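One structure below.
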Amino acid sequence: MDDVLELRPAVAAEAAEISMLLARAWRENYAEFLGGYRTERLIARYCTVERISAEIGATGAGDGWLGWVIARADGELAGAGAGGITTVGSGEVYTLCTSGKHGHLDVGGALMRAVTRQQLERGAEQQWVAVYGENDPMYPFFVSHGFAPEQAAAPAAEEEDGPGLLRLHRTVRDTAGSRT
């Protein structure tokens, strides 16, 4: 069977599947980088079925949260992403992860385009994302999609070990309204 990538908004019945994908991606990509304890705390905070269910239910409630976009290939969840508008003209990519199994389909790139399209439709001219410094496993992906560091990484909070957050940004629409 040929792999076909389907992109669409998530539905409530997919919350558990998204939760498992996010938790697995965090463990595979961040446990060694951030440390197991910090990674598990982040998973417990951001990857619960209850949280994702509530976020799916809040889709369309306002520009600050534009909802989960999922990618499916051959019926399997291949990736998920989410974002919103944080200030007038500025979009934020809150999360983006893939299963890795369907890497040949450029799931990450497809999700990035879908999240960006949502934000462009709501007037975004620039887009932001936060990573854990230049050694973050997602840093090369975002740089390859035109993001650049805004400033040096902020230090980690006192109760956290490891790297702080680095803000990346890119222009997604020039002042004449053209998409970039």
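Quick notes on this structure:
- Residues (modelled with pLDDT of 95 or more, touching a strand residue (DSSP E or B) at 6+ places or on another chain (Cβ under 9 Å) and surrounded by fewer than 16 Cβ atoms within 10 Å (Cβ to Cβ)) located in the stretch 131-143: VAL143
- ARG27 fulfils the conditions (1) assigned to a helix (DSSP H, G or I); (2) at pLDDT below 95 except for a single criterion, (2).
- Within the option set GLY164, GLY108, GLY146, being modelled with pLDDT of 95 or more and either in a loop (DSSP other than H, G, I, E, B) or more than 17 Å from the chain's Cα centre (by Cα) (or both) holds for one residue only, GLY146.
- Considering the stretch 47-68, and only residues there that are under 13 Å from GLY81 (Cα atoms) and in a strand (DSSP E or B), the residue that is modelled with the lowest pLDDT turns out to be TRP65.
- On inspection, VAL115 does not qualify as at pLDDT 95 or above, over 24 Å from GLU76 (Cβ atoms), under 13 Å from the mean Cα position of the chain (by Cα) and buried (at least 19 other Cβ atoms within 10 Å of the Cβ).
- Taken over the stretch 111-134, residues that are part of a helix (DSSP H, G or I), free of Cβ contacts under 8 Å to residues at least 24 places away in the same chain and farther than 27 Å from GLY164 by Cα amount to 1.
- Close pairs from the stretch 11-38: first without any contact (Cβ under 8 Å) to a residue 12 or more places away in the chain, partner among the β-branched types (Val, Ile, Thr) and surrounded by 19 or more Cβ atoms within 10 Å (Cβ to Cβ), Cβ under 7 Å, at least 6 apart: ALA31/THR39
- The sole residue among LEU21, LEU42, LEU7, LEU77 that is within 16 Å of the chain's Cα centre (by Cα), over 21 Å from PHE147 (Cα atoms) and at pLDDT below 95 is LEU42.
- Selection within the stretch 45-62 - more than 15 Å from ALA12 (Cα to Cα) and crowded, with 18+ Cβ neighbours inside 10 Å: none
The values are calculated or read from the model by the stated rules, or taken from the named source; none is laboratory data. Since we're looking at a predicted model, the values are computed, not measured. We place every Cβ from the backbone using ideal geometry, glycine too, and count neighbours over all the protein chains shown.
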